[in-house]
Protein chains: 2
Amino acid sequence: MTSSQPDAGTGGGGHGHGDGERSGCPGREKTGDRGRDRAGAPRWIAGVDIGGTNLRVGLVPLEGGPPGVIRRERTRAGQGPAHVAAKVADMLRSAVGEVGRGGVAGIGVGCPGPVDRGAGMVLETPNLGWRHVPLRDLVADATGLPVTLENDANCAAYGEWWQGAGRGAERLIGLTLGTGIGGGIVLGGEIYHGASDAAGEVGHMSVDFDGRLCACGSRGCVEAYASGPGIAARAVEGLADAADSSLAGIARTDGVRVTARMVCEAAAGGDGYARRVLAETGRILAVAVANLVNLFNPDVIVVAGGVTAAGDHLFRPLRDEVRRRAFPSALGACRVVPAELPGTAGVIGAAGVFKGAVYGGV
Amino acid sequence: MTSSQPDAGTGGGGHGHGDGERSGCPGREKTGDRGRDRAGAPRWIAGVDIGGTNLRVGLVPLEGGPPGVIRRERTRAGQGPAHVAAKVADMLRSAVGEVGRGGVAGIGVGCPGPVDRGAGMVLETPNLGWRHVPLRDLVADATGLPVTLENDANCAAYGEWWQGAGRGAERLIGLTLGTGIGGGIVLGGEIYHGASDAAGEVGHMSVDFDGRLCACGSRGCVEAYASGPGIAARAVEGLADAADSSLAGIARTDGVRVTARMVCEAAAGGDGYARRVLAETGRILAVAVANLVNLFNPDVIVVAGGVTAAGDHLFRPLRDEVRRRAFPSALGACRVVPAELPGTAGVIGAAGVFKGAVYGGV
């Protein structure tokens, strides 16, 4: 992704040119010049973060900096990818209207699941229920703009590298604790993709070879312990010995399921059992983090996602256990820090990916 | 390590020049021109592989290819690093004498333990009992040649990348199963060192967070299961339930300790218990390999070391279990293969490191 011009990995280069009406973006003038405004230069890159629940579209300044505007709606992936692409176009039009003048150079899209960047295809997304979707071209068709497609966890890591907690680090690993555990690796300012765009599956590092069954079919994946559902499941399993925990009452309530957020809230409220669950989560997550430190010897590991709201209840045992396990010479070179861009890293990173592909770097 | 001239990471640039007598290497003429022969160009790079037991010195053709000659002696690290450096000079002199004319451009040294490449220091080697040894300059002083210093597991991986089982792979990971489990990562034709020269500690990836205590202080490191001593220890522990195994008789013999080699030999001889120990070794090793596949999405993983003599008794369960655990899209892009350069990968890789540093690549 270092070409200085749109390449095979950038959709819309063919059909997007000179078709400003079709995009309907007020900021995109009919110059036939891919989103440049009358002053001659685009001011924005659109970043799109397609999540299982929320769809975010933001306008990121071409020169970097926080999004000038960001829109959020429900993804409603069940209505199909073409519907989502049309919604992206609507949200983009609205966003451009809010910031006023300024052309949009193009769109970076981040989407869950393995993607084929060259073909612009989403290969499989259990969270969205999509398979083999030509998402890059759908968004390019809906907006008339050139588009890049990238895995969402890679975008989140790249966003934190570009503008967040790992700004400019030579070697960064990002973890996002959510429904699953996403991972992204940034080396030398570029996302590390591996041989088949499948690198960075940090969540599916087994840290317990005969341990908990993971949705991926393996056992002991850190995702099975420290993702939101993993934390909730472990919390519920231990409740038999924690009758005094506030979570026990919640678990007995019909129609209510204990969530990781409830565990975090209970811990914040002083619930000892919830704190022990989070401490154990931090300890297990630390095994994965220490493995990453020993393998990659990175400059920074950025931990993102809703669970980081647990703060010290998670991060203190995490850091203590990493110290017990990682090589001091590697750990001494590595910061393990919470993300700085909650909710926007994916949008910023997706825009950065577009910028890197088209302008040769951020 | 891409400079085209000897740099701060290459010792001997100062004191080695114009001092051919001091080196005593017959192939190195007194041209003051760093090992060039009378024809004007060096033909060889010396590769030095310093192991806990054996010290190997080989002459590797500058243009690549197998070593023209290789010498092996006992390391006898206890006699001290200066003694080892003098022995390297003797072995090199003898090797150059055997191949006849042809200058030596310089020496690549591979040594266990974390090294500071910039300073040319061996920081710590439990296997050799050395700490903070300026090995690069010791060898440069003893030979009068410029020297590079690199971790031995990195050299082994680089050797397999340059001339062995992973020739030219864009992304290679090497594992060497020996007294410990060494690891090396080669990305884009260069050893991946990480932020503080500490990357690639594959052996200290925990795959069982409450598992076997490792010499490093952590628990469940794959080295604690699948290194030579790890395999032997596990074999002995299970003998109570395997009285019919040939290993049981060995274990009862005074003064004899069961080794991984004995386990491999027993398995080759049909011993069912020994085969189960190796199958379990393969299964646990597979967890680490699958983790590497999911993280790095490499083109090839090369497994080296004496234990690979177990052949299918190790590799079949290893491959079966990797298939159960790694993502198909990543595994489909990755070969998991035995090394092709047993005994010489370290020498070849060390020479390749010198070539890369001085000539800008192999």
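Structure summary
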{"read-out": "Relative exposure of B:320, A:244, judged by other C-beta atoms within 10 Å (fewest first)", "value": "A:244, B:320"}
{"read-out": "Among beta bridges that DSSP assigns inside the protein assembly as shown, antiparallel share in %, nearest 5", "value": "60"}
{"read-out": "Cα gyration tensor category, rounded, prolate or oblate, for the range B:266-362 with a/c compared to 1.5", "value": "oblate"}
{"read-out": "Cα-only Debye scattering, the range B:169-338: base-10 log of I(q)/I(0) at q = 0.10, 0.15, 0.19 Å⁻¹", "value": "-0.38, -0.81, -1.20"}
{"read-out": "Three-way shape call for the range A:151-221 based on the alpha-carbon gyration tensor, with the a/c threshold at 1.5", "value": "prolate"}
{"read-out": "Amide hydrogen neighbours beyond the local backbone of residue A:71, cut-off 5 Å, H modeled", "value": "A:57, A:58"}
{"read-out": "Förster-model FRET efficiency, 25 Å R0, residue B:337 and residue B:123, C-beta, rounded to 0.05", "value": "0.20"}
{"read-out": "Inter-label distance for residue A:90 and residue B:215, nm, one decimal - labels placed 7 Å from Cα along Cα-to-Cβ", "value": "6.4"}
{"read-out": "Antiparallel bridges, percent of DSSP beta bridges restricted to the range B:169-338 (to nearest 5)", "value": "55"}
{"read-out": "Other-chain or far-sequence residues with amide H under 5 Å of residue A:54's (modelled H)", "value": "A:75"}
{"read-out": "For A:323-332, mean number of other protein chain Cβ atoms within 10 Å", "value": "5"}
{"read-out": "The range B:169-338 - charge dipole about Cα centre, Lys and Arg +1 at Cβ, Asp and Glu -1, debye rounded to 20", "value": "280"}
{"read-out": "Distance from the range B:161-208 to the range B:72-132 (C-alpha centre basis), Å", "value": "21"}
{"read-out": "Test item: B:291-303 mean partner chain Cβ contacts at 10 Å", "value": "6"}
{"read-out": "In Hz, Karplus ³J(HN,Hα) per residue of the range B:274-285 (6.51, -1.76, 1.60; θ = phi - 60°; x = Gly, Pro)", "value": "4, 5, 5, 4, 5, 5, 5, 4, x, 5, 6, 4"}
{"read-out": "Order of B:284, A:45 under a 10 Å beta carbon neighbour criterion, fewest first", "value": "B:284, A:45"}
{"read-out": "Rg/Rh (Cα only; Kirkwood hydrodynamic radius) as it applies to the range B:41-190", "value": "0.95"}
{"read-out": "In sequence order, calculated HN-Hα J values of the range A:241-247 (Karplus, 6.51, -1.76, 1.60; Hz; x Gly/Pro)", "value": "9, 9, 4, 7, 6, 4, 5"}
{"read-out": "Whole-Hz ³J(HN,Hα) from phi, Karplus 6.51 cos²θ - 1.76 cosθ + 1.60, for the range A:339-348, glycine and proline x", "value": "5, 10, 10, x, x, 10, 4, x, 5, 5"}
{"read-out": "Descending semi-axes in Å of the range A:140-185, equivalent ellipsoid built from Cα gyration tensor", "value": "24, 15, 8"}
{"read-out": "Dipole moment magnitude, nearest 20 debye, the protein assembly as shown about Cα centre, only Lys, Arg, Asp, Glu C-beta charged", "value": "280"}
{"read-out": "Cα-based equivalent ellipsoid of the protein assembly as shown: semi-axis lengths in Å, sorted from largest, via gyration tensor", "value": "48, 35, 21"}
{"read-out": "Estimated [θ] at 222 nm from DSSP helical runs (n ≥ 4, -39500 (n - 2.57)) normalised by residues in chain B, nearest 500", "value": "-11000 deg cm²/dmol"}
{"read-out": "Gyration tensor verdict on the range B:102-198 (Cα atoms; rounded if a/c is under 1.5, prolate if a/b is larger than b/c, oblate otherwise)", "value": "oblate"}
{"read-out": "Cα convex hull of chain A - mean projected area over all directions, nm²", "value": "18.0"}
{"read-out": "Residue order, fewest to most surrounding Cβ atoms within 10 angstrom, among B:143, A:75", "value": "A:75, B:143"}
{"read-out": "In nm, spacing of pseudo-spin labels at residue B:240 and residue A:54 (7 Å Cα→C-beta vector)", "value": "5.5"}
{"read-out": "Fluctuation leader among A:114, A:126, A:66 - chain A, Gaussian network, Cα springs under 10 angstrom", "value": "A:126"}
{"read-out": "Positive-end residue of B:357, B:296, A:122, charge dipole of the protein assembly as shown with Cβ unit charges", "value": "B:357"}
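No lab work stands behind these numbers, since they all come straight from the coordinates. Computed from a predicted model, the values in this text were never measured in an experiment. Cβ atoms come from the backbone with ideal geometry, glycine included; neighbour counts cover every protein chain shown.
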